[in-house]
Amino acid sequence: MKKISNLKNLAFGLILISNMPMANSAEKVALVSGAFVRSIKVSNIEHLAETGEARGFLRDALRFSNQNPKDLVEILNQEVELPLVTTSRLMNSKIGIVIIGRVAKIIHPLKVPDKSVSVPALRSAVIVGLKEGDGKINAVRFLKAYPNKTLAINIPLLYNLMNRVETISDVIKYFSSSPLQDL
């Protein structure tokens, strides 16, 4: 009798799961600063990267902040070539775990900032993004590979990080330099 009940529960669970929409990639990027949250559609970010034309809230944000859309297009399209296996090993090494843990405080699923969710999501986005890009990743590919509907970016923490490095390309050069080849 108990076996039948367990089978019914299993069948019911499978029916529920099969009818749930799966989050294959991020649909929105939420900019979070305290209680303030504004979202940008990933499709608008991708459109900017492809055409150079900003639309929606992204257009308004760029205009309001006096940012040149061409600068953001350059950042969005900047590709970093990383060996897939080496990158996976690095992300699971002691230093990789520390780095991803720090990044997970800045970039995480909107409603679940817990590291137990955000760290695997970051790892997945990097690995899937690299696989989709044949060993190359850029910001758009990362977003499209992020396995949660809404990716949150903690603006104050990101701002603090940006004050510690001169340019994004310095960060990318540091993490993609030849020492990674030896790991």
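Nothing in this text is a laboratory measurement; each read-out follows from the coordinates by a stated rule. Being a predicted model, the structure only gives us computed values, none of them experimental.
Just a few scattered comments:
- Contour minus Cα-Cα distance for Ser116 and Asn68 (0.36 nm per residue): 13.6 nm
- q = 0.27 Å⁻¹: log10 I(q)/I(0) that the Debye formula gives for the stretch 68-142, counting C-alpha atoms only: -1.19
- Tensor-based shape of the stretch 25-182 (alpha-carbon gyration tensor, a/c under 1.5 rounded, otherwise prolate or oblate): prolate
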